[in-house]
C-alpha cells in the first residue's frame, strides 16, 4: 500500500491547490513531448501527492491541443498509481444543475483530432475500456464529496466533444437522446491513456451550466460560467484534501487496470524493436521486459 501515489489533474478553474504549502515544481520531459505545465509535488498529511493543471496555469492550452500522452507518461514517471480527474462540464439533464458534482463511470468519445494511444508504432495493444473508471477510486470520491456536503450524483455518462466551440443545439439534443449526463472536452483520450499506462482513473465532473438545449442556457458564454467555476473549484479543493487522506483505503488489489497490459499486447515479441520498447518503457516497461 505504501507505494500508491495519487495525482490530481485539474481542469478549468482548478489550476492550483493553495493549501499545499510544501511545494516543488517539477519540469519533466517525455518521449511524447512536455506535459501541460510543471507538475506540483507536495506532501500533505504525510502523503506524497502530485497536481497537474490540464490546461496549464493561466489556462493557455486549447482542449484539443493538450498533450495527453505527455501528461500521463510524466505522471507514470513519478510513480503515480491513481489519478483523479477534476473537470468542468455542461449538464445534459434537468436534475444536474450548475454546482452539482457527477462521479462519472462511462464515456462517449466524440473526439477526432487527438492522439489516443501510446501504442502507435510497431507494438499494438488493445486494452479493455468497458469500465473506464476505477470502482475503488469512485468510492473514495464519493466519501470525500459526502464529507463536504456537496450535491452529487454517483454514476453518469460523459460525452467528450472536440471543442473548443460549444455544442450546436442539434448536437446537444442528440446527446440528450442518448441519455448522457454531462458534456465536456477533456476526459478523452486521458482515460484511455491512463488505462494503457495501468494507472487507476476516476473522474469528478463539476457542472457549470446547462448545455444549450436548456432555454435558459442556449447562449452559453464563458463569463456566465466563471462564477460557477470558482465556486466549484473551492469545493473541489476541499474534496481533494479529503481524497488524499482516504484514497488508499479504497484501492482494490483486483482492479483490472493493475495488470491490464498482460492480456492487451498482440504484437509478437520478435517484432518489438528496442527503439519502440525504449519509447514505451515508462508506460509499458513492466510487460515489455518479460
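Specify which of the listed residues (243, 174, 280) is on the phi < 0 side of the Ramachandran plot and out of contact with any helix residue (DSSP H, G or I) (no Cβ under 7 Å at 6 or more places or on another chain). Reasoning before the result, please.
Values: 243 fails: out of contact with any helix residue (DSSP H, G or I) (no Cβ under 7 Å at 6 or more places or on another chain); 280 fails: out of contact with any helix residue (DSSP H, G or I) (no Cβ under 7 Å at 6 or more places or on another chain).
One residue alone meets the criteria, 174.
Does residue 17 satisfy the condition of being within 24 Å of residue 138 (Cβ to Cβ), assigned to a loop (DSSP other than H, G, I, E, B) and within 14 Å of the chain's Cα centre (by Cα)?
On the way: within 24 Å of residue 138 (Cβ to Cβ): yes; assigned to a loop (DSSP other than H, G, I, E, B): yes; within 14 Å of the chain's Cα centre (by Cα): no.
Spelling it out, it is not the case that residue 17 is within 24 Å of residue 138 (Cβ to Cβ), assigned to a loop (DSSP other than H, G, I, E, B) and within 14 Å of the chain's Cα centre (by Cα).
Do we find that residue 227 is surrounded by fewer than 21 Cβ atoms within 10 Å (Cβ to Cβ) and either under 18 Å from the mean Cα position of the chain (by Cα) or under 30 Å from residue 259 (Cα atoms) (or both) in this structure?
Values: surrounded by fewer than 21 Cβ atoms within 10 Å (Cβ to Cβ): yes; either under 18 Å from the mean Cα position of the chain (by Cα) or under 30 Å from residue 259 (Cα atoms) (or both): no.
When the stated conditions are applied, residue 227 does not pass them.
Take residue 76 and decide whether it is modelled with pLDDT of 95 or more, outside any strand (DSSP E or B) and within 23 Å of residue 256 (Cβ to Cβ). Break it down into steps so the answer makes sense when it comes.
Working: modelled with pLDDT of 95 or more: yes; outside any strand (DSSP E or B): yes; within 23 Å of residue 256 (Cβ to Cβ): yes.
The answer is yes for residue 76.
Which one is modelled with the lowest pLDDT among residues in segment 172-209 that are farther than 26 Å from residue 240 by Cα and touching a strand residue (DSSP E or B) at 6+ places or on another chain (Cβ under 8 Å)? Walk me through it before giving the result.
Within segment 172-209, the subset farther than 26 Å from residue 240 by Cα is 172-179.
Next cut, touching a strand residue (DSSP E or B) at 6+ places or on another chain (Cβ under 8 Å) only: 172, 175, 178-179.
Values: 172: 95, 175: 98, 178: 98, 179: 98.
Only one residue tops the list, namely 172.
Can you find a residue in segment 27-42 that is closer than 19 Å to residue 243 by Cα and surrounded by 24 or more Cβ atoms within 10 Å (Cβ to Cβ)?
Taking segment 27-42 first, the residues closer than 19 Å to residue 243 by Cα are 39-42.
So of that shortlist, the ones also surrounded by 24 or more Cβ atoms within 10 Å (Cβ to Cβ) come out as none.
No, every residue in segment 27-42 fails to be closer than 19 Å to residue 243 by Cα and surrounded by 24 or more Cβ atoms within 10 Å (Cβ to Cβ).
The values are calculated or read from the model by the stated rules, or taken from the named source; none is laboratory data. Predicted, not measured: the structure shown is a model, and the values here were computed from it. Methodologically, a virtual Cβ is constructed for each residue, glycine included, from the backbone with ideal geometry; neighbour enumeration extends over all protein chains shown.
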